[in-house]
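The values are calculated or read from the model by the stated rules, or taken from the named source; none is laboratory data. As the structure is a computational prediction, the values presented were derived from the model and not from experiment. Reconstructed Cβ throughout: ideal geometry from the backbone, glycine too, with neighbour counts over all protein chains shown. We work out accessible area using only protein heavy atoms, side chains counted, and drop any ligands, DNA or RNA first. Shrake-Rupley method; radii C 1.70, N 1.55, O 1.52, S 1.80 Å.
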Amino acid sequence: MFDINTAIGHWPFRRIPNQSAAELRRHLESHGITGAAAAHTAGLFYKNCHDANLELAEAIAAHDDFFVGVATLNPCYAAWERDLETCVNGLGFRALRMVPQYHDYSLSDAPALALVRAAAALDIPVLIPSRVVDTRQRHWLDVERTQSLQDILAVCRAVPAARIVATELPVTAGALSTPAGQPVCGNLYVETSRQVSCYGQVMAQVVKLLGADHVLFGSG
């Protein structure tokens with residue numbers, strides 16, 4: 001079983017367990033997970049978030065049989081094109097995470113869409129968290145903004161060649177289907193970390209609508 005949505009690193013607003021790659025690996029393996037995509041939490045907060053990608057590469061180097069690196073990049077920060085190429089072709093990362101609520105841009109902005117197109121050209125998926133923590137219990141310095149399903153669908157439509165993975169987002173088949181009963185976007189993927197209440201009939205409807213290859217396991 002592969003986990004599409006994990007992270008390592010310190011969270012500045014409260015203490016969390018399993019912050020190191022070794023700790024997280026042991027925890028995941030104890031639940032039967034045999035591999036995971038990992039981002040670095042510091043990428044949300046560093047002025048130059050690429051420094052967090054370099055730290056991630058160092059942290060998972062000893063676990064390259066288990067972890068796949070997920071780059072975190074800000075399209076409004078200088079040299080993201082170079083950093084993306086370094087992450088994919090230099091560090092071997094296989095996905096990109098975009099967090100506009102932490103990096104202060106909109107998914108509809110031209111630089112954001114340029115980054116999505118660049119990821120599509122490199123054939124890597126783009127992970128877009130609706131949220132990272134429950135905003136109802138956020139620290140006062142943490143962000144309150146979230147990304148809605150409509151925000152993410154707009155990116156899917158704007159860059160149809162991209163594979164967009166919506167994370168931390170509860171979904172239903174009704175919200176993801178057209179009036180004709182077809183998926184709203186063929187390039188949208190969802191993961192399960194916020195779907196606890198949707199297991200059973202509702203989740204089965206999502207799988208039936210999108211196809212099993214578009215519904216990914218993620219622990220968050």
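Tabulated data for the structure shown
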read-out: Carbon plus sulfur fraction of accessible area for the stretch 20-123, probe 1.4 Å, in percent; value: 49
read-out: Descending Cα extents along the principal axes, the stretch 1-152, whole Å; value: 42, 38, 27
read-out: Virtual spin-label span in nm between ARG157 and ALA110, 7 Å along Cα→Cβ; value: 2.1
read-out: For the stretch 154-167, 3J(HN,Hα) per residue [Karplus equation, 6.51 cos²θ - 1.76 cosθ + 1.60, θ = phi - 60°, Hz, x = Gly/Pro]; value: 4, 5, 4, 6, 6, 10, x, 7, 7, 9, 9, 10, 7, 10
read-out: Sparsely packed trypsin sites (Lys or Arg not before Pro) within the stretch 1-63, loop by DSSP, other Cβ within 10 Å at most 14; value: ARG14, ARG15, LYS47
read-out: Whole-number accessible area per residue in Å² for the chain, which is evaluated in the context of all protein chains at 1.4 Å; value: 48
read-out: Karplus-derived HN-Hα couplings along the stretch 66-77 (A = 6.51, B = -1.76, C = 1.60, θ = phi - 60°), whole Hz, x at Gly and Pro; value: 10, 9, 10, x, 10, 6, 10, 9, 10, x, 9, 9
read-out: Cβ-derived FRET efficiency at R0 22 Å, ASP123 paired with ASP65, nearest 0.05; value: 0.50
read-out: Placed amide H near VAL165: partners under 5 Å, 5+ positions off or other chain; value: VAL126, LEU127, ILE128, TYR189
read-out: Solution diffusion estimate, µm²/s, Stokes-Einstein, the stretch 90-147, Kirkwood Rh from C-alpha pairs, 10 °C, viscosity 1.306 mPa s; value: 124
